[in-house]
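A short write-up of the structure that comes next.
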Amino acid sequence: GAPTRLQTSTHEELATARSYLPPPQWVPDEISRTVGNALATATRPEPHGNHPALQVAGGGYEFAMFFLMGPWDIAAPALIVEEAGGRFSDFSGRVSIRSGSAVFSNGVLHDDVLALVRQVRTSA
């Protein structure tokens, strides 16, 4: 078939955003569990399908979050998500493939996700 350009969603509401949050075995500590639970409550978690970052790039999720990732897990998906109109950063908002954390988003909700992460981590 003909190539199709990936495009992130333009969804703007965090409360109805489709999200990917990792399963318990990929959540390393209590603070991460608290962050994951807060995001699960604030959004609409979806079942895991294809690579979650690629689901963001194709408009299937508004954001995907990872607590344990190596640079080899992040580098290619970060480029793909950004080329599809989205954003990538670590939990601090830095564009870093070495921090071990990752947020892939449609771009529209990126700052909202990071603000919630910051709020939960600060109060934990």
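The values are calculated or read from the model by the stated rules, or taken from the named source; none is laboratory data. From a predicted model like this one, the values you see are computed outputs, not experimental measurements. Only protein heavy atoms, including side chains, enter the accessible area calculation; ligands, DNA and RNA are left aside. Shrake-Rupley method; radii C 1.70, N 1.55, O 1.52, S 1.80 Å.
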Practice task
Counting only DSSP beta bridges with both residues in the chain, tell me the antiparallel percent, nearest 5.
Solution key: 65
Exercise for the section: Could you state how much accessible area R87 has, in square angstrom rounded to the nearest 10, with a 1.4 Å probe and all protein chains kept in place? Expected result: 90
Exercise for the section: Starting from the Cα-Cα distance between H48 and E12, subtract it from 0.36 nm times their residue separation and give me the gain in nm to one decimal. Expected result: 10.8 nm
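How long are the three semi-axes of the equivalent ellipsoid of the chain, in whole Å, if each is the root of 5 times an eigenvalue of the C-alpha gyration tensor, listed from largest down?
Values: eigenvalues 96, 49, 34 Å².
Semi-axes from the Cα gyration tensor: 22, 16, 13 Å.
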Completion exercise
Residue-ordered couplings for the range 76-88, obtained by feeding phi - 60° into the Karplus form 6.51 cos²θ - 1.76 cosθ + 1.60 and rounding to whole Hz (Gly and Pro as x), are 5, x, 4, 5, 5, 4, 5, 5, 8, x, x, 10, 9
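If DNA, RNA and ligands are ignored and the probe is 1.4 Å, what is the ranking of L116, L39 by accessible area, most exposed first? Present the calculation step by step, with values, prior to reporting the outcome.
Numbers: L116 30, L39 0 Å².
Heavy-atom accessible area, descending, gives L116, L39.
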Fill in the blank from the handout: Mean accessible area per residue over the chain (1.4 angstrom probe, all protein chains present, square angstrom) is 53
Exercise for the section: For the chain, give the percent of accessible area contributed by carbon and sulfur heavy atoms, probe 1.4 Å, rounded to a whole number. Expected result: 54
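Per-residue ellipticity at 222 nm for the chain, helices alone: DSSP H runs ≥ 4 residues times -39500 (n - 2.57), over residue total, nearest 500 deg cm²/dmol? Don't skip to the answer; put the middle values down first.
On the way: 4 runs with 46 residues, N = 124.
That comes out to -11500 deg cm²/dmol.
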